[in-house]
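Scroll down for the structure; my scribbles are underneath it.
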Amino acid sequence: MTRQEAYALLQKYNQNSSLVKHGVAVEAVMRYFARQYGEDEEYWGNVGLLHDLDYELYPEEHCHKTKELLEAEGVSDDIIHAAISHGWNICIDVEPARRMEKVLYTIDELTGLITAVVYMRPSKSILDLEIKSVKKKFKTPSFAAGVNRELILAGCSMLEMDIDTVIQWTINGMKDAAAELDLVG
């Protein structure tokens, strides 16, 4: 599957620009992590693009419908497993097994938190965002209250990475797509 094909699928099932941008943010971070690990950036990025494929149309059946939609589109089982595993212990019982799946599980919510932090900054830019700003908001449960911080920390544990490194790599990945995400300021 090419990036263009994955992006077209994302847009086929999601008209909401915020959901499409979230897919692009997760894609960019997945690509960044893939580079750090010497893995296939396009493959990891495509999983990031497709992970919330069903969310706009079927929020109550999240991940379950993604599996159905991707199967109907002829997407490979490994991509399907990776995409839906981010919902483990939330909406589906598919556990993240591979490193890529653990990364997706960890950074999905974190991209939303970081986006919210950027929107609150005077610069409205991710380009000058530092870890300490994200950590301050991470420790404030009322800020971006829908973000599951325990899930992020559980993911860090699965990856055997400290939260600072995960935050920095997530920022770095999102910087790579700053213009497409409208986070340049």
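The values are calculated or read from the model by the stated rules, or taken from the named source; none is laboratory data. Keep in mind the model is a prediction, meaning the values are calculated, not measured. Neighbour counts run over all protein chains shown; Cβ positions are idealised from the backbone, glycine included.
At-a-glance table
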| item | result |
| --- | --- |
| Failed criterion for ALA72 (all others in (1) out of contact with any Pro (no Cβ under 7 Å at 6 or more places or on another chain); (2) surrounded by 14 or more Cβ atoms within 10 Å (Cβ to Cβ); (3) small (Gly, Ala, Ser) hold) | (2) |
| Helices (runs of 4 or more DSSP H) (entirely within region 71-185) containing at least 1 residues that are among the β-branched types (Val, Ile, Thr) and under 27 Å from ALA8 (Cβ atoms) | 77-84, 99-120, 163-176 |
| Subset tally (residues that are in contact with a Gly (Cβ under 7 Å, 6 or more places away or on another chain) and either at pLDDT below 95 or charged (D, E, K, R) (or both)) for region 14-59 | 3 |
| Every residue from region 89-108 that is surrounded by fewer than 21 Cβ atoms within 10 Å (Cβ to Cβ) and within 22 Å of ALA34 (Cβ to Cβ) | VAL94, GLU95, ALA97, ARG98, ARG99 |
| Any pair with Cβ under 7 angstrom, 6 or more apart, that starts in region 63-91 at a residue that is over 22 Å from LEU151 (Cα atoms) and touching a residue at least 24 places away in the same chain (Cβ under 8 Å) and ends at one that is buried (at least 21 other Cβ atoms within 10 Å of the Cβ) and charged (D, E, K, R) | LEU69/ASP54 |
| Odd one out for ASP54, checked against (1) farther than 20 Å from LEU183 by Cβ; (2) surrounded by fewer than 18 Cβ atoms within 10 Å (Cβ to Cβ) | (2) |
| Members of region 131-185 that are of a type in the set (D, E, K, R) and either farther than 16 Å from HIS22 by Cα or in contact with a helix residue (DSSP H, G or I) (Cβ under 6 Å, 6 or more places away or on another chain) (or both) | LYS132, LYS135, LYS136, LYS137, LYS139, ARG149, GLU150, GLU160, ASP162, ASP164, ASP176, GLU180 |
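Residues are listed down the side, and each one gets a yes or a no for (1) under 17 Å from the mean Cα position of the chain (by Cα); (2) among the aromatic types (Phe, Trp, Tyr):
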{"position": "LYS135", "(1), (2)": "no, no"}
{"position": "PHE143", "(1), (2)": "no, yes"}
{"position": "ARG149", "(1), (2)": "yes, no"}
{"position": "THR165", "(1), (2)": "yes, no"}
{"position": "ILE171", "(1), (2)": "yes, no"}
{"position": "LYS175", "(1), (2)": "yes, no"}
{"position": "LEU183", "(1), (2)": "yes, no"}
